[in-house]
Amino acid sequence: MRILDLISLIFYNLSRRKGRVALTAIGVVIGTSAVVILVSLVNGLQRSATNQLWGIGDLTSINVYPKYEDIGPVMNSSGPSQVKKITESVLAEFAALPHVKQVIVKDYLQAMGVMKYNRLENYAMIISANVQDVSELGYVVESGTGKLEKGTMIIGKPVLKQFYDPKMRPGQEPPPPPDLLDQQVRLTITKWTADGTESSKTYILKVVGILKESRNEGDYSVLVHPDDLRAWNEWVAGKRINRNLDGYDNVIVKVDSVDNVIEVSEQINEMGFQSYTPQSTVQGISNFYMIVQVIFGGVGAVALLVAAIGIANTMTMAILERTREIGLMKAIGATNRDVLSIFLGEASGIGFVGGLGGVIVGWLICQAVNVVTLPYLASQAAQMGAPPPEAAVYTPVWLPIFAILFATLIGLISGLYPALRAATLVPVIALKYE
């Protein structure tokens with residue numbers, strides 16, 4: 001039998017029993033739409049959760065810290081008994097690891113620093129990094145330059161909003177954020193000796209850049225040249241800093257690809273250091289939602305299995321009603337393979353029609369959910385300072401295709417037994433069937 005004749009005969013047979021086929025296909029529609037809606041819901045939740053991590057950091061970066069180890073069975077009150085420090089030789093070991101393209105040393109001011117501009121003051125976090133441009137840290141410059149020189153600083157935009165007037169009277173209007181680009185700012189650093197004596201030093205620095213708000217550490221940081229920060233910390237400590245003995249508090253290891261970040265992070269942990277990467281957070285979220293997606297998809301598949309029973313029942317009844325027709329087909333030359341193909345095609349056709357209808361219904365319901373919930377989710381995101389979600393329920397491109405193919409396969413499997421039964425009927429007995 002030619003393929004076109006087979007398809008034509010299948011459509012003709014299905015059209016003869018429109019009511020029964022429609023009722024059977026409705027079960028497939030319900031099951032398929034359930035799969036589409038549930039999986040789309042999980043995908044939407046996953047995208048929303050990932051979207052809330054906006055600004056969590058560069059996914060190719062690994063933050064490395066010294067490892068605190070306790071030799072005894074119980075850590076005593078004096079703190080850790082041993083620290084594995086990040087020295088210059090360790091930096092060379094990090095740089096030699098496969099897939100590592102850059103090692104960035106970060107340092108922090110080890111004292112209280114107060115920024116003063118005219119009458120305004122601000123307590124900010126002072127940091128430095130051995131980079132040519134702050135873009136290497138993943139920061140974006142909104143105005144000015146990203147290159148640091150001695151005697152200069154780059155400020156996160158939210159830092160400007162934290163300036164205040166210490167002499168402001170109650171009820172007085174707060175001053176507007178100052179425009180500090182290309183302005184001179186005084187930085188007063190204060191330290192206390194062991195006997196409680198206070199001493200301060202004031203430095204004049206020029207603001208050469210303002211960072212764009214990105215919801216990361218740079219938003220509330222003031223970046224200065226590493227040589228400046230080193231000199232300030234040495235004054236605070238009262239001695240020269242020897243990195244081979246004291247080590248570094250924080251190092252950023254940049255990896256060439258997101259796919260290699262977890263592997264490099266594990267290697268650093270095996271070297272005896274503590275490492276953290278935003279990629280591990282994202283991967284953990286993805287793995288969790290992948291499990292939820294499988295569970296929800298399985299719930300929808302149960303509805304498809306129930307529909308499969310309906311297909312099997314419909315095809316079995318069709319055989320009983322068309323026994324003489326089957327006998328006639330065999331009498332005029334139809335083979336067992338031809339009969340098997342016709343009934344399997346009809347079962348698959350019911351599955352295909354139901355799958356197509358389920359995809360359409362599921363997609364429409366998903367769009368309705370988006371229309372209803374997106375305004376609320378957008379308002380919640382705005383309150384948190386996060387970007388608005390693109391969709392509450394997201395249907396990936398592969399899902400409708402998979403759903404239709406899966407529904408068709410379910411129909412094919414459901415019609416297998418009735419089709420085999422029809423194909424093995426003896427023509428003489430079939431013709432005599434009443």
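Selection of helices (runs of 4 or more DSSP H) fully inside the stretch 374-434 by the criterion of at least 1 residues being farther than 27 Å from Ile309 by Cβ and modelled with pLDDT of 70 or more returns 398-414, 427-432. Considering the stretch 236-254, the residues that are assigned to a loop (DSSP other than H, G, I, E, B) and of a type outside the set (A, V, I, L, M, F, W, C) include one that is most open to solvent (accessible area, probe 1.4 Å), namely Arg240.
Of all residues in the stretch 201-220 being modelled with pLDDT under 90 and among the polar types (S, T, N, Q), which is nearest to Ile104 (Cα to Cα)? Selected residue: Asn216. Residues considered: Lys101, Lys147. Of these, the only one that is under 25 Å from Asp259 (Cβ atoms), of a type outside the set (Gly, Ala, Ser) and either assigned to a loop (DSSP other than H, G, I, E, B) or open to solvent by 60 Å² or more (accessible area, probe 1.4 Å) (or both) is Lys101. I'm trying to understand the selection: among the residues of the stretch 22-37, which are open to solvent by 20 Å² or more (accessible area, probe 1.4 Å), of a type in the set (A, V, I, L, M, F, W, C) and more than 30 Å from Ala378 (Cβ to Cβ)? Answer for the stretch 22-37, where residues must be open to solvent by 20 Å² or more (accessible area, probe 1.4 Å), of a type in the set (A, V, I, L, M, F, W, C) and more than 30 Å from Ala378 (Cβ to Cβ): Ala22, Leu23, Ile26, Val29, Ile30.
If the Cβ limit is 6 Å and pairs must be 6+ apart or interchain, which residue in the stretch 109-127 that is more than 20 Å from Glu234 (Cβ to Cβ) and open to solvent by less than 30 Å² (accessible area, probe 1.4 Å) pairs with which residue that is at pLDDT 90 or above and aromatic (Phe, Trp, Tyr)? These pairs meet every condition: Leu120/Phe163; Asn122/Phe163. Picking from Leu340, Leu304, Leu328, Leu356, which residue would you name as being touching a residue at least 40 places away in the same chain (Cβ under 8 Å), in contact with a helix residue (DSSP H, G or I) (Cβ under 8 Å, 6 or more places away or on another chain) and crowded, with 21+ Cβ neighbours inside 10 Å? Answer to the selection: Leu304. Any residue that is over 14 Å from Ala423 (Cα atoms) and either outside any helix (DSSP H, G or I) or open to solvent by less than 40 Å² (accessible area, probe 1.4 Å) (or both) - is there at least one of those in the stretch 360-369? Yes: one or more hits.
With respect to the stated conditions, Ala237 is within 22 Å of Lys85 (Cα to Cα) and touching a residue at least 12 places away in the same chain (Cβ under 8 Å).
The residues of the stretch 263-283 that are surrounded by fewer than 17 Cβ atoms within 10 Å (Cβ to Cβ) and either at pLDDT below 80 or of a type in the set (A, V, I, L, M) (or both), listed by number, are Met271, Ser280, Thr281, Gln283.
Does the stretch 1-21 contain at least one residue that is under 30 Å from Val282 (Cβ atoms) and either at pLDDT 80 or above or not aromatic (Phe, Trp, Tyr) (or both)? There is no residue in the stretch 1-21 that is under 30 Å from Val282 (Cβ atoms) and either at pLDDT 80 or above or not aromatic (Phe, Trp, Tyr) (or both). Where strands (runs of 3 or more DSSP E) fall wholly inside the stretch 38-88, no range has 3 or more residues that are open to solvent by less than 60 Å² (accessible area, probe 1.4 Å) and modelled with pLDDT under 55.
Would you say Thr323 is open to solvent by less than 70 Å² (accessible area, probe 1.4 Å) and touching a Lys or Arg at 6+ places or on another chain (Cβ under 7 Å)? Spelling it out, it is not the case that Thr323 is open to solvent by less than 70 Å² (accessible area, probe 1.4 Å) and touching a Lys or Arg at 6+ places or on another chain (Cβ under 7 Å). For the criterion of being more than 30 Å from Ser89 (Cβ to Cβ), more than 42 Å from the chain's Cα centre (by Cα) and open to solvent by less than 20 Å² (accessible area, probe 1.4 Å), Thr190 passes. Taken together, Arg16, Arg2, Arg20 contain a single residue that is within 21 Å of Ile410 (Cα to Cα) and among the charged types (D, E, K, R), which is Arg20.
Being surrounded by fewer than 17 Cβ atoms within 10 Å (Cβ to Cβ) and modelled with pLDDT of 90 or more holds for only one residue in Asp179, Asp195, and it is Asp179. The one condition from (1) open to solvent by 80 Å² or more (accessible area, probe 1.4 Å); (2) on the phi < 0 side of the Ramachandran plot that Gly218 does not meet is (1).
The values are calculated or read from the model by the stated rules, or taken from the named source; none is laboratory data. Please read these numbers as outputs of a predicted model, since none were measured by experiment. Neighbour counts are summed over all protein chains in view; Cβ atoms, including those assigned to glycine, are modelled from backbone coordinates with ideal geometry. In case anyone asks, the SASA skips ligands and DNA or RNA and just uses the protein heavy atoms, side chains included. Shrake-Rupley method; radii C 1.70, N 1.55, O 1.52, S 1.80 Å.
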